[in-house]
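Trainee: Here you go, one structure.
What follows is calculated from the coordinates using simple rules that are stated; it is not laboratory data. For clarity, every value in this text was computed on a predicted model and none was experimentally measured. A quick note on method: Cβ atoms are made from the backbone with ideal geometry, for glycine too, and the neighbour counts reach across all protein chains shown.
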């Protein structure tokens, strides 16, 4: 029997930054016939969570909302018509609740957890059974809570359009969640991985995770040419996971292979229209530049099977916050003190 009340965070507005995050009591939601009640054990943060209360999120948003797209927990109650889950199942959340398979459409893009639909930074959550997947059997709740956004985005980048093949070359930028997952998935597939970073200590960690080459973009600002020289016959990189923005995109064009794919996922380095490459560069470099908005439930199930088969474990920052420390976790992540994913223990 679940309690009647719980604790949760709410983004009240987008005018006051993190001060708009409020920790409050709420009623535990009731289960409908196609819904599942999950006792959330862990959640993890994404860059998206930081920009929503700052009013910088460019996609669908409906406030007030419980933040957090990423979470994992245990099914404790199921609706009368639920077929996929049973009490006791360990589950993880799907980012866009309406994106079940195939290409994303306008409807699915408006079903973001923690943006339009109440998310995971709470003790209990009710979700339509379509909005959950069974968590990988080899992961604990903290690890499973990192999969919804960063992991699935990386998986989509590598497998959603033109699947990665063994022996190909993948380039990842920095040490955020998307890039680390990209490194892990690429190595599991038998690819060569080039990583970029500005930190000597982080470079060592990247090598420990399997990166074949690490380029320091501070000492090698023209890293695009340097990366190309590391590829067979200097032909270029097959898949680039592009998270930086205007500045890094110019370097990505320098190293992408003919018919390669640049998956644009973030803009951590900012957007500058004066330095930003034009769309015509996709023609002069004969490549595909693709915006990636997480992925479908079908892709997430594929990813879960790969995680189990290869015993992949997400890289979780050594500092873990409790639910009541969520605002401190936001500040910690904003200061870029984390390596890999930043997790929050809930129950």
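Trainee: Mind sorting out which of [x] 46, 26, 15; [y] 34, 21, 19; [z] 32, 29, 17 is the real semi-axes √(5λ) of the Cα gyration tensor in Å computed from the coordinates?
Mentor: [y]
Trainee: Further question: Give the angle, between 0 and 90 degrees and rounded to the nearest 10, that separates the Cα long axis of helix 177-188 from the longest principal axis of the Cα atoms of the chain.
Mentor: Long axis of 177-188 versus the principal axis of the chain: about 70 degrees.
Trainee: Quick check: residue separation of residue 259 and residue 59 times 0.36 nm, minus the Cα distance between them. What number comes out in nm?
Mentor: Length gained, residue 259 through residue 59: 69.1 nm.
Trainee: Right, something else. Contact order normalised by length for segment 161-291, with contacts defined as Cα pairs under 8 Å and 6 or more residues apart; what percent is it?
Mentor: Contact order relative to length: 20 percent.
Trainee: Provide the FRET efficiency to the nearest 0.05 for the residue 100-residue 233 pair, computing r from the beta carbons and using R0 = 35 Å. Kindly include the intermediate steps, with their values, before the conclusion.
Mentor: Working: r = 41 Å, r/R0 = 1.18.
Using R0 = 35 Å, I get an efficiency of 0.25.
Trainee: Could I ask something else about it? Using Cβ counts within 10 Å as a stand-in for footprinting exposure, how do 40, 171, 139, 280 rank, fewest first?
Mentor: Working: 40 27, 171 34, 139 22, 280 8.
Least to most surrounded, the residues fall as 280, 139, 40, 171.
Trainee: Could you work out how far apart the two model spin labels at residue 140 and residue 327 are, taking each label as a point 7 Å from the Cα in the direction of the beta carbon, and quote it in nm?
Mentor: It is 2.9 nm.
Trainee: Here is a follow-up. When a/c is below 1.5 the answer is rounded, else prolate if a/b is larger than b/c, else oblate, so apply that to segment 88-209 with a ≥ b ≥ c taken from the square roots of the Cα gyration tensor eigenvalues.
Mentor: In terms of gyration-tensor shape, prolate.
Trainee: Any idea what the relative contact order of the chain is, in percent, if you count C-alpha pairs under 8 Å spaced at least 6 apart?
Mentor: 18 percent
Trainee: Right, something else. Would you mind pulling out the separation of the Cα centroids of segment 204-255 and segment 120-144, in Å?
Mentor: 34 Å
Trainee: How much length, in nm to one decimal, is gained on full extension between residue 14 and residue 309, taken as 0.36 nm per residue of separation minus their Cα-Cα distance? Intermediate results must be reported in sequence, preceding the final value.
Mentor: On the way: separation 295, 0.36 × 295 = 106.20 nm, distance 4.16 nm.
Length gained between residue 14 and residue 309: 102.0 nm.
Trainee: Using only the alpha-carbon atoms, how far is helix 297-310 inclined from the longest principal axis of the chain? Give it as 0 to 90 degrees, nearest 10.
Mentor: Computed tilt is about 70 degrees.
Trainee: Here is a follow-up. What distance in nm lies between label points placed 7 Å from Cα along the C-beta direction at residue 109 and residue 83?
Mentor: Using points 7 Å along Cα→Cβ, the separation is 3.0 nm.
Trainee: Something else about it: Choose one answer from 144, 27, 203: the residue with the largest mean-square fluctuation in a GNM of the chain with alpha-carbon springs under 10 Å.
Mentor: 27
Trainee: Something else: Between residue 26 and residue 298, how many nm apart are label points set 7 Å from Cα along the C-beta direction?
Mentor: 3.2 nm
Trainee: Taking a ≥ b ≥ c as the square roots of the eigenvalues of the Cα gyration tensor of segment 1-126, is the shape rounded (a/c under 1.5), prolate (a/b larger than b/c) or oblate?
Mentor: Because a/c hits 1.5 or more and a/b fails to exceed b/c, segment 1-126 counts as oblate.
Trainee: Would segment 290-347 count as rounded, prolate or oblate if I go by the C-alpha gyration tensor, calling it rounded below 1.5 in a/c and otherwise prolate when a/b exceeds b/c, oblate otherwise? All intermediate terms of the calculation are to be shown ahead of the outcome.
Mentor: Working: a/c = 2.18, a/b = 1.73, b/c = 1.26.
Note, shape of segment 290-347 comes out prolate.
Trainee: Computed FRET efficiency, Cβ-Cβ of residue 200 and residue 76, R0 45 Å: what is it to the nearest 0.05?
Mentor: That gives a FRET efficiency of 0.45.
Trainee: Next question, about the same structure. Please give the Cα centre distance for segment 105-119 versus segment 1-49, rounded to the nearest Å.
Mentor: 15 Å
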